[in-house]
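To keep things clear, I will list the structure first and then write my remarks on it.
What follows draws every value from the coordinates through simple rules; no lab data is involved. Quantities reported herein were computed from a predicted structural model and do not represent experimental measurements. A quick note on method: Cβ atoms are made from the backbone with ideal geometry, for glycine too, and the neighbour counts reach across all protein chains shown.
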Amino acid sequence: MELFDVYSLFDVTPVRAKGCTIWDSEGQEYLDLYGGHAVISVGHSHPDYVAALKNQLDNIGFYSNSVKNPLQVELAHKIGELSGYEDYTLFLDNSGAESNENALKVASFHTGKDRIVAFHRSFHGRTSGAVAVTDNPKIVSPFNANHKVTFCNLNDAGAVENELKKGDVAGVIIEGIQGCGGIHIPDDGFMKTLESLCHKYGALLILDEVQSGYGRTGHFFAHQWADIKPDVITMGKGIANGFPCGGILIAPHIQAVKGMLGTTFGGNYLAMAAAIAVADIFKKENLVQNAYEVGGYLKASIPDSPLIKEVRGRGLMIGIEFNCPIADIRRKLLFEKHIFTGVAGSNMIRLLAPLCLTKADVDTFIKSFKEVLG
Ligand code: PLP
């Protein structure tokens, strides 16, 4: 049997990884500034993380959500403490898209309404509702296209208010920083206006922090730069450092009803052991602060070049927008300098390094980057 051929692959086969370093099947070493698409938060193969998963597997690997699982409660406390959202509740699932799917459902159940406001250049995942609020017609199948969704321009509060006024909007969904759409940061003032507009018109504000959350931008969540409190916050990626896991934080005014949400695998013992280990490492190693400091250093170190149009981002979520396509630059970084980077569109290199990145790693990158730019 062949694989369903949907991914464009680089000819690299990673077999081992540690911290921000990856080794391929030929023994070649790479610096990882991509983190497997912002997933590796505490670093590859962190010893505490590895030990926690091995230990959990020796005890119990799986049971369903029909019995008590104290690990879920422990994780909820730890995320509450790390994020400052102690008064919110946590629902656990398996991925970023599923988290957004659940958030959209919560908004619709809670308000009894069925339309969602989303933003141009958004990406919220591949499942039905999540892809419907994603602004990329190429990945929206006819089956997904019938949800009631209206797209507004980022930072256009007037357009959002016009939609909210119509009275049928259940929620507004927005990324803390738009990732796949090209590292666009919503204005802090716009976020504050969104928060008050949602309150005024009775819609829920859903913050998709799947990519921009979990410490990546130098705050636990990117929206905390704007000092707002959304009604629902969605998580994925870095929450368990690569073990599939997602979750949503739900404001205290939203009531849980038995059976309203559910999942077979969400909150399973292995995912919880992984996520608890991640939360403990975050605290022990002060990774949010590290993302802030090393990310700031990285952004400031990117050289001026006639090829570079703009550098955008916060913490370790950085986009380098070029005046030209970057495929060749990225290929040289990977195959000549042995550095993994990400991409957004055709002209942007996206850096989403593990949050344990050091300033020495940044210096290594900058030296190679300058050589590739020529
Ligand atoms: N939301 C955002 C902002 C993302 O960047 C992604 C993935 O890249 C998702 C949702 C979907 O997450 P997943 O691929 O885990 O379903």
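Key figures for this structure:
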{"read-out": "14 Å beta-carbon shell around residue 272, net charge (K/R +1, D/E -1)", "value": "-1"}
{"read-out": "Cα-based shape type of the chain, given that a ≥ b ≥ c are square roots of the gyration tensor eigenvalues and the cut on a/c is 1.5", "value": "oblate"}
{"read-out": "Shape category assigned to the stretch 98-170 from the gyration tensor of Cα positions, a/c cut at 1.5", "value": "oblate"}
{"read-out": "Inter-part distance where the stretch 236-265 and the stretch 37-76 are each reduced to a Cα centre, Å", "value": "15"}
{"read-out": "Estimated 222 nm signal from helices in the chain, with DSSP H stretches of n ≥ 4 weighted -39500 (n - 2.57), rounded to 500", "value": "-11000 deg cm²/dmol"}
{"read-out": "Positive-end residue of 323, 171, 246, charge dipole of the chain with Cβ unit charges", "value": "171"}
{"read-out": "Cβ-based exposure ranking for 257, 131, 12, 160, in which fewest neighbours within 10 Å come first", "value": "257, 12, 131, 160"}
{"read-out": "Spin-label pair residue 192/residue 280, simplified geometry with 7 Å Cα→Cβ offset, distance in nm", "value": "4.0"}
{"read-out": "Stretch gain in nm, segment residue 74-residue 25, where the contour uses 0.36 nm per residue and the Cα spacing is subtracted", "value": "13.8 nm"}
{"read-out": "Long-range amide H partners of residue 93 with built H, under 5 Å", "value": "246, 247, 248, 267"}
{"read-out": "Candidates per trypsin sites (Lys or Arg not before Pro) in the stretch 325-374, loop by DSSP, up to 10 other Cβ within 10 Å", "value": "none"}
{"read-out": "Options 36, 20, 53, ranked by Cα towards positive dipole end of the stretch 20-78, top entry (Cβ charges)", "value": "53"}
{"read-out": "Residue (of 335, 221, 128) at the positive-pole extreme of the chain, dipole from beta-carbon charges", "value": "128"}
{"read-out": "Dipole moment magnitude, nearest 20 debye, the stretch 185-304 about Cα centre, only Lys, Arg, Asp, Glu C-beta charged", "value": "340"}
{"read-out": "Net dipole in debye of the chain [+1 Lys, Arg Cβ; -1 Asp, Glu Cβ; about Cα centre; nearest 20]", "value": "300"}
{"read-out": "Residues 292, 297, 7, sorted so that the one with the fewest Cβ neighbours within 10 Å comes first", "value": "7, 297, 292"}
{"read-out": "Share, in percent, of DSSP beta bridges within the chain that are antiparallel, nearest 5", "value": "65"}
